[in-house]
1. Among the residues of the range 121-140, is any at pLDDT below 95, closer than 23 Å to Leu251 by Cβ, among the hydroxyl-bearing types (Ser, Thr, Tyr) and assigned to a loop (DSSP other than H, G, I, E, B)?
2. Looking only at the range 151-165, how many residues end up being buried (at least 23 other Cβ atoms within 10 Å of the Cβ) and among the hydrophobic types (A, V, I, L, M, F, W, C)?
3. Name the helices (runs of 4 or more DSSP H) wholly within the range 1-72 that hold at least 1 residues that are surrounded by 15 or more Cβ atoms within 10 Å (Cβ to Cβ) and at pLDDT 95 or above?
4. Any idea how many residues of the range 166-203 are buried (at least 17 other Cβ atoms within 10 Å of the Cβ), among the aliphatic types (A, V, I, L, M) and more than 14 Å from the chain's Cα centre (by Cα)?
Amino acid sequence: MKWMKRFAGAMLLLVLLSGCAPAADVESMAAQVYQAAVEKRPFPVLTVENPGMTEADSYAVQKLYSEKLLAGKRPAGFKAGLTTEATMKRFGSDVPFAAVLFPDGYMDGSSAAPVVKRSGFGTLMIESEIGFVLGEGVSAPLKDIDELKGKIAFLAPAIELPDLSFTDMKALRGIDINAAAISSRAFILGKPVPKEEAPDINGLVPVLALDGTEVNRGTGSDALEDQWKAALWLVNKMVEEGWTMEKGDVLLTGALGNMIPGKPGKYEYDAGALGRISFTVE
């Protein structure tokens, strides 16, 4: 019937104008990412079969996938990714991304040295980072860095352990990584330092050593050129995507220096006056 054809055409036009994939496609893509995660298989490179996938689509997929994986639990916090020009360029993006930190991935590095099992990852990677711990909840966008600082209780050295395992690394794009919650899997948080006692985090020169040999060196300002700017962007982006934050949530602002492969051995992360983390990869 003519009216049915006109209706279908109008609905297609609305989808195209909205810039987002149809809900059914988003649900299907989220299901693919979730199944890969629970079955410990490489994440799908969704843009191979969905070349028109947009940044907005990737966040919609990420939200459904994250909620399903959380299964009613709260996130342990939130993370930023692709926060340097080099990583954006590597994965064909001109923007950073943000995602949740899953509670089952939290590891306490404040005293004992955690053991990271490579068998729990497809492709274990290691990132040297700085962590922020909220002293107050956040449910609405923050207007500036001063307001953000009023919400932060502690700073800490942190190591993120993403799982960069995808079915086609050559075709991988930033929005594919974003759809899979920026490969969020695990993280180690060092001993928290009260914000008032913390050093200038942008001036830090964190060094990561493996079995006594330096394997990565960065600066605190590597993340969007300013740690506080990166943290503010992360908070506001996650609020924009419908998440709320609570006291105790951890914020990770992105890799300092390079993201490196997680090879076996004993690691020492020295974040200067902010503290150290020791951990072993087996």
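1. no
2. Count: 5.
3. Here the list reads 23-38, 46-49, 55-70.
4. 5
A quick yes/no check of all residues on (1) at pLDDT 95 or above; (2) touching a Gly at 6+ places or on another chain (Cβ under 6 Å); (3) not in a helix (DSSP H, G or I):
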position: Leu224; (1), (2), (3): no, no, yes
position: Trp228; (1), (2), (3): yes, no, no
position: Val235; (1), (2), (3): yes, no, no
position: Met238; (1), (2), (3): yes, no, no
position: Gly248; (1), (2), (3): yes, no, yes
position: Ala255; (1), (2), (3): yes, no, yes
position: Lys263; (1), (2), (3): yes, no, yes
position: Glu268; (1), (2), (3): yes, no, yes
position: Ser278; (1), (2), (3): yes, no, yes
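Residues checked against (1) among the charged types (D, E, K, R); (2) in a loop (DSSP other than H, G, I, E, B); (3) under 21 Å from Phe121 (Cα atoms); (4) at pLDDT 95 or above:
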position: Phe154; (1), (2), (3), (4): no, no, no, yes
position: Pro157; (1), (2), (3), (4): no, no, no, yes
position: Glu160; (1), (2), (3), (4): yes, no, yes, yes
position: Leu172; (1), (2), (3), (4): no, yes, yes, yes
position: Ile182; (1), (2), (3), (4): no, no, yes, yes
position: Phe187; (1), (2), (3), (4): no, no, yes, yes
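The values are calculated or read from the model by the stated rules, or taken from the named source; none is laboratory data. Quick caveat, the model's predicted, so the values are computed rather than measured. Here the Cβ is made from the backbone with ideal geometry for all residues, glycine too, and neighbour counts use every protein chain on show.
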